[in-house]
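Participant: Got a structure for you, questions after.
The values are calculated or read from the model by the stated rules, or taken from the named source; none is laboratory data. The model shown is predicted, which means the values in this text are computed figures rather than measured ones. Note that we place each Cβ from the backbone using ideal geometry, even for glycine, and neighbour counts take in every protein chain shown.
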Amino acid sequence: MRKVQDPGVVDWLERHDAELALSTIVIGEIAFGIEKIDAEQRARRLTSDFDALRRRYADRIFAFTEAAALNYGMLMGERKRAGRPMPIADAMIAAIARTHGAGLATRNLADFDGSGLELISPWADRRSPALDFLPRALFPTSLDLAGNAARARVLG
């Protein structure tokens with residue numbers, strides 16, 4: 001939703017579009033980011049982009065469920081015991097991904113390090129083989145035309 005987008009990231013997102021999902025936590029973070037902006041014109045443009053993003057991923061938005069809440073508690077406990085606390089929103093995103101055995105595509109690798117998730121950064125070195133293919137099925141989304149479960153990475 002940036003005015004100037006990284007072409008490598010845009011390419012990665014387009015190549016993996018059918019395999020990507022958003023969490024309700026990310027939607028909340030984006031909504032908050034837009035609401036706190038004073039500049040009316042920028043907020044309007046971002047709101048329009050945000051609405052388009054939500055429409056695009058409408059059938060691939062994953063909620064913070066009871067199972068995710070239990071994973072959140074386990075993750076926060078693990079991180080506290082390890083002396084590596086995690087921001088609440090990041091832990092909730094990680095919990096949603098862990099609940100479904102998903103990987104996580106994020107620019108924020110540092111906060112998710114040690115979460116037990118496969119982390120992918122489309123912003124990182126584009127020669128990384130992890131950016132060119134999905135190494136394993138990660139996140140059940142919907143049925144494809146053959147009736148097989150399509151898979152996705154959670155965007156965080």
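Participant: List pairs: first residue in the stretch 98-119 and more than 18 Å from THR65 (Cα to Cα), second residue surrounded by 20 or more Cβ atoms within 10 Å (Cβ to Cβ) and among the hydroxyl-bearing types (Ser, Thr, Tyr) anywhere in the structure, Cβ distance under 9 angstrom, at least six positions apart or on different chains.
Facilitator: From the stretch 98-119, the pairs are PHE112/THR106; LEU119/THR106.
Participant: In the stretch 58-81, how many residues are outside any loop (DSSP other than H, G, I, E, B), of a type outside the set (A, V, I, L, M) and without any contact (Cβ under 8 Å) to a residue 60 or more places away in the chain?
Facilitator: 9
Participant: In the stretch 11-39, how many are modelled with pLDDT of 80 or more and loosely packed, with under 12 Cβ neighbours inside 10 Å?
Facilitator: Residues that pass the stated criteria total 4.
Participant: Surrounded by 12 or more Cβ atoms within 10 Å (Cβ to Cβ), in a loop (DSSP other than H, G, I, E, B) and among the small types (Gly, Ala, Ser): is that true of ALA102 in this structure?
Facilitator: yes
Participant: Sticking with this one: Look through ARG84, ARG42, ARG2 and report the one residue that is at pLDDT below 85 and in a loop (DSSP other than H, G, I, E, B).
Facilitator: Checking each option against the conditions leaves just ARG2.
Condition check ((1) under 23 Å from GLU35 (Cβ atoms); (2) of a type in the set (S, T, N, Q)) across all residues:
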{"residue": "PHE50", "(1), (2)": "yes, no"}
{"residue": "ILE61", "(1), (2)": "yes, no"}
{"residue": "PRO87", "(1), (2)": "yes, no"}
{"residue": "ASN108", "(1), (2)": "yes, yes"}
{"residue": "PHE112", "(1), (2)": "no, no"}
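Participant: For residues in the stretch 61-78 being touching a helix residue (DSSP H, G or I) at 6+ places or on another chain (Cβ under 9 Å) and farther than 21 Å from ASP113 by Cα, which is surrounded by the most Cβ atoms within 10 Å (Cβ to Cβ)?
Facilitator: Checking each candidate, the answer is PHE62.
Participant: Moving on to the next point. Got a number for residues in the stretch 15-36 being closer than 22 Å to ILE88 by Cα and not in a helix (DSSP H, G or I)?
Facilitator: The number of residues fulfilling the criteria is 4.
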